[in-house]
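S.K.: Questions regarding the structure given below will be posed in turn.
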Amino acid sequence: MKEELFVSGRNIPNIDPYLHIWHWQIPIYLFLGGLAAGILFLAGVYTILGKEKEMPATVKWAPFLVPFALIIGLFMLFLDLKHKMYFWQLYTTIRLESPMGWGAWVLMIMTPISIIWSASYIREVFPNWDWKFKFLYTFEAWVIRNRWYIAWPMAIYAVILGIYTGILLSAFNARPLWNTTILGPLFLVSGMSTGAACIILMSKSHEERRIISRLDLLFIVVELFFITHMIMGFLAGSEVQINAANLFLGGQFTVPFFVFVILLGLIFPAILEVLELIGYKMPIIIPAVFILFGGLIFRFIMVEAGQITRYLY
Amino acid sequence: MRYAMAIDTRKCVGCSDCVVACQTENNVPIGFCRDWVSETVDGTYPNVSIELRSERCNHCDNSPCVRCCPTGASHFEDGGIVLVTHNKCIGCGACIESCPYEARYSHPDGYVDKCTFCIHRVRKGEKPACVSVCPTSCMYFGDLEDPNSEIVNVLKNRKFKALAPEAGTKPQIFYLV
């Protein structure tokens with residue numbers, strides 16, 4: 001039997017007995033980042049494929065959510081900071097070794113791109129929109145002419161943003177649950193899936209919903225595969241990683257993880273989407289809302305559970 | 001120059017003098033600490049062994065906290081001492097997450113705080129506060145690159161271990177066992 005205790009007394013807020021430095025702001029930041037990445041990636045890809053007409057919600061309407069998602073996400077990151085008045089230091093340094101650092105820069109690039117993208121479609125929504133200045137009209141015309149070229153960096157940066165939401169966690173060696181390279185692709189696919197769910201909610205065209213639903217189904221299957229892969233990897237790992245996996249396999253996060261993330265967030269919407277695809281009439285809002293809910297809960301669980309995993313010595 | 005500390009777990013009595021000395025020397029806010037004493041009890045009575053360890057920031061050679069800091073507030077000083085520049089720290093908490101030893105905490109003023117090896121004393125040629133007050137003299141502080149230093153001598157002659165070397169951080173606090 002081995003028992004460890006602090007004889008000098010130690011009860012530092014948010015560190016003891018379990019680390020809890022990152023609260024609700026970080027999961028929301030990661031969720032909104034993933035959602036934005038998913039929408040922008042699909043918007044970029046369908047623009048590159050020249051399908052703006054067939055996929056209006058994907059290319060035009062859903063991206064209107066992105067600037068709001070990114071700005072709220074960045075605001076969440078700001079809320080998480082404990083030394084808030086010094087936040088500007090993030091943008092006076094470039095430190096490629098720090099995921100938090102390059103993530104802040106990726107968002108700094110993505111946010112203006114998403115604003116410009118949406119702004120170029122704003123007169124399709126509000127035909128009477130007045131840009132007030134002539135140069136804004138010139139700029140709008142330039143963006144509209146070059147949408148195909150903007151779509152490329154937008155789609156690529158969206159993938160970087162999606163992967164970043166996972167790497168922000170996976171770069172921490174000290175937290176065994178996070179320290180797996182699969183977390184980047186897993187968060188990317190999960191972000192794509194939530195982005196697709198948003199598009200499904202906003203689309204009015206049956207055909208578009210069908211295409212995105214099929215794609216979403218693929219994302220869900222890949223996500224389930226990655227989650228299985230992640231847990232298998234932990235179980236084949238060192239003791240601290242086995243302990244991390246056990247949080248989901250009988251430990252304290254088992255019920256929320258399997259009920260809210262796997263069953264309600266992935267398998268249930270996947271079944272509804274399959275039924276819809278083979279011809280049953282389904283209210284499309286249900287699977288989409290469950291996917292969004294599952295994606296959010298997944299990030300909450302990963303952030304909370306990861307912080308209580310640690311090295312043993 | 002490479003500063004390091006060796007702590008004799010066989011001489012430590014767990015009095016926590018090092019903890020109090022640090023809190024006083026560095027004005028550590030009440031309820032927080034930069035070092036602490038942990039006791040590991042192994043076995044069942046009557047076959048019990050106890051190890052007492054005064055723990056603190058390991059001033060790692062491969063510091064995850066320095067790597068993950070987005071603003072460069074966490075940095076290396078001369079001799080490998082890991083420090084936080086308070087007015088560069090944004091309090092994002094990444095370094096706290098990255099430390100396998102949970103040696104960092106969020107200071108009530110917002111920035112992240114931790115053991116500094118009492119760099120202000122070391123620069124004057126004094127020992128860190130914790131080392132200087134230890135009633136059993138179980139702590140050794142010095143330069144690993146100086147072959148005549150006390151710490152090199154003690155590490156040459158005794159068995160020692162570091163905490164969680166598998167984390168790859170190359171910790172520089174050695175526990176004599």
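S.K.: Considering segment A:204-214 alone, what residues qualify as being in contact (Cβ under 8 Å) with a residue 60 or more places away in the chain and surrounded by fewer than 16 Cβ atoms within 10 Å (Cβ to Cβ)?
M.R.: A:LYS204, A:SER205, A:GLU207, A:ARG214
S.K.: Which of (1) open to solvent by less than 10 Å² (accessible area, probe 1.4 Å); (2) β-branched (Val, Ile, Thr); (3) touching a strand residue (DSSP E or B) at 6+ places or on another chain (Cβ under 6 Å) does A:VAL7 not meet, given it meets every other one?
M.R.: If we test A:VAL7 against (1) open to solvent by less than 10 Å² (accessible area, probe 1.4 Å); (2) β-branched (Val, Ile, Thr); (3) touching a strand residue (DSSP E or B) at 6+ places or on another chain (Cβ under 6 Å), just (1) comes out false.
S.K.: Only residues that are hydrophobic (A, V, I, L, M, F, W, C) and loosely packed, with under 13 Cβ neighbours inside 10 Å: list them for segment A:128-141, please.
M.R.: A:TRP129, A:PHE133, A:PHE135, A:LEU136, A:ALA141
S.K.: Tell me, yes or no, whether segment A:117-132 has at least one residue that is small (Gly, Ala, Ser), assigned to a helix (DSSP H, G or I) and more than 22 Å from A:LYS53 (Cα to Cα).
M.R.: No - not one qualifying residue is present in segment A:117-132.
S.K.: Moving on to the next point. Only one of A:PRO56, A:PRO17 is modelled with pLDDT under 95 and surrounded by fewer than 15 Cβ atoms within 10 Å (Cβ to Cβ); which?
M.R.: A:PRO17
S.K.: If I go through segment B:1-51 residue by residue, how many of them are aliphatic (A, V, I, L, M), surrounded by 17 or more Cβ atoms within 10 Å (Cβ to Cβ) and more than 7 Å from chain A (Cβ to nearest Cβ)?
M.R.: Total satisfying the criteria: 7.
S.K.: I've got another one for you. Quick test of your reading of the structure: A:PHE68 fulfils all but one of (1) buried (at least 22 other Cβ atoms within 10 Å of the Cβ); (2) more than 14 Å from chain B (Cβ to nearest Cβ); (3) of a type in the set (A, V, I, L, M, F, W, C). Name the failing condition by number.
M.R.: Checking A:PHE68 against (1) buried (at least 22 other Cβ atoms within 10 Å of the Cβ); (2) more than 14 Å from chain B (Cβ to nearest Cβ); (3) of a type in the set (A, V, I, L, M, F, W, C), the one that fails is (1).
S.K.: For segment B:85-105, does any single residue satisfy the condition of being more than 9 Å from chain A (Cβ to nearest Cβ), within 26 Å of B:SER38 (Cβ to Cβ) and open to solvent by 20 Å² or more (accessible area, probe 1.4 Å)?
M.R.: Checking segment B:85-105: not a single residue is more than 9 Å from chain A (Cβ to nearest Cβ), within 26 Å of B:SER38 (Cβ to Cβ) and open to solvent by 20 Å² or more (accessible area, probe 1.4 Å).
S.K.: Sticking with this one: Can you tell me which of (1) small (Gly, Ala, Ser); (2) surrounded by fewer than 14 Cβ atoms within 10 Å (Cβ to Cβ); (3) in a helix (DSSP H, G or I) is the one A:GLY279 doesn't meet?
M.R.: Failing condition for A:GLY279: (3).
S.K.: If we scan segment A:22-42, do we find a residue that is open to solvent by less than 60 Å² (accessible area, probe 1.4 Å), among the aliphatic types (A, V, I, L, M) and assigned to a loop (DSSP other than H, G, I, E, B)?
M.R.: No, segment A:22-42 contains no residue that is open to solvent by less than 60 Å² (accessible area, probe 1.4 Å), among the aliphatic types (A, V, I, L, M) and assigned to a loop (DSSP other than H, G, I, E, B).
S.K.: Before we move on, is A:VAL261 assigned to a helix (DSSP H, G or I), open to solvent by 40 Å² or more (accessible area, probe 1.4 Å) and touching a residue at least 40 places away in the same chain (Cβ under 8 Å)?
M.R.: The answer is no for A:VAL261.
Matching residues to (1) farther than 16 Å from A:LEU65 by Cβ; (2) basic (Lys, Arg); (3) in contact with a Lys or Arg (Cβ under 6 Å, 6 or more places away or on another chain):
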position	(1), (2), (3)
A:MET108	yes, no, no
A:PHE133	yes, no, no
A:ARG147	yes, yes, no
A:ILE150	yes, no, no
A:ALA155	yes, no, no
A:ALA158	no, no, no
A:LEU201	no, no, no
A:GLU207	yes, no, no
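S.K.: Cβ contacts < 9 Å: first residue surrounded by 10 or more Cβ atoms within 10 Å (Cβ to Cβ), restricted to segment B:146-161; second residue assigned to a helix (DSSP H, G or I), any location; separation 6+ or different chain. Result?
M.R.: B:ASP146/B:VAL152; B:PHE160/B:VAL154
S.K.: Let me ask something else about it. What number of residues within segment A:71-98 satisfy the criterion of being more than 21 Å from A:ALA158 (Cα to Cα), open to solvent by less than 50 Å² (accessible area, probe 1.4 Å) and of a type in the set (S, T, N, Q)?
M.R.: Selection size over segment A:71-98: 2.
S.K.: Moving on to the next point. Which ones in segment A:215-244 are assigned to a helix (DSSP H, G or I), without any contact (Cβ under 8 Å) to a residue 24 or more places away in the chain and over 22 Å from the mean Cα position of the chain (by Cα)?
M.R.: Residues satisfying the conditions are A:MET232, A:LEU235, A:ILE242.
S.K.: Please enumerate the residues belonging to segment A:264-313 that are touching a residue at least 60 places away in the same chain (Cβ under 8 Å), more than 14 Å from chain B (Cβ to nearest Cβ) and among the charged types (D, E, K, R).
M.R.: A:GLU273, A:GLU276, A:ARG299
S.K.: Let me ask you something else. Look at B:ASN62 and say whether it is assigned to a loop (DSSP other than H, G, I, E, B), touching a strand residue (DSSP E or B) at 6+ places or on another chain (Cβ under 6 Å) and of a type in the set (S, T, N, Q).
M.R.: So B:ASN62 does not fit the description; no.
S.K.: Residue check, B:THR85 against (1) closer than 26 Å to B:ASP143 by Cβ; (2) under 17 Å from the mean Cα position of the chain (by Cα); (3) of a type outside the set (Gly, Ala, Ser), all met but one. Which one?
M.R.: Status for B:THR85: all satisfied but (2).
S.K.: Out of all the residues in segment A:173-180, is one or more free of Cβ contacts under 8 Å to residues at least 40 places away in the same chain and over 30 Å from B:ALA164 (Cα atoms)?
M.R.: no
S.K.: Which numbered condition trips up A:GLU239, out of (1) open to solvent by 60 Å² or more (accessible area, probe 1.4 Å); (2) away from chain B (no Cβ under 14 Å)?
M.R.: That leaves (2) as the condition not met.
The values are calculated or read from the model by the stated rules, or taken from the named source; none is laboratory data. Owing to the predicted nature of the structure, the values given are computational and were not obtained by experimental measurement. Positions of Cβ are generated from backbone atoms using ideal geometry, with glycine treated the same way; all protein chains shown enter the neighbour counts. Note: accessible area is taken over every heavy atom of the protein model, side chains too, but ligands, DNA and RNA are not part of it. Shrake-Rupley method; radii C 1.70, N 1.55, O 1.52, S 1.80 Å.
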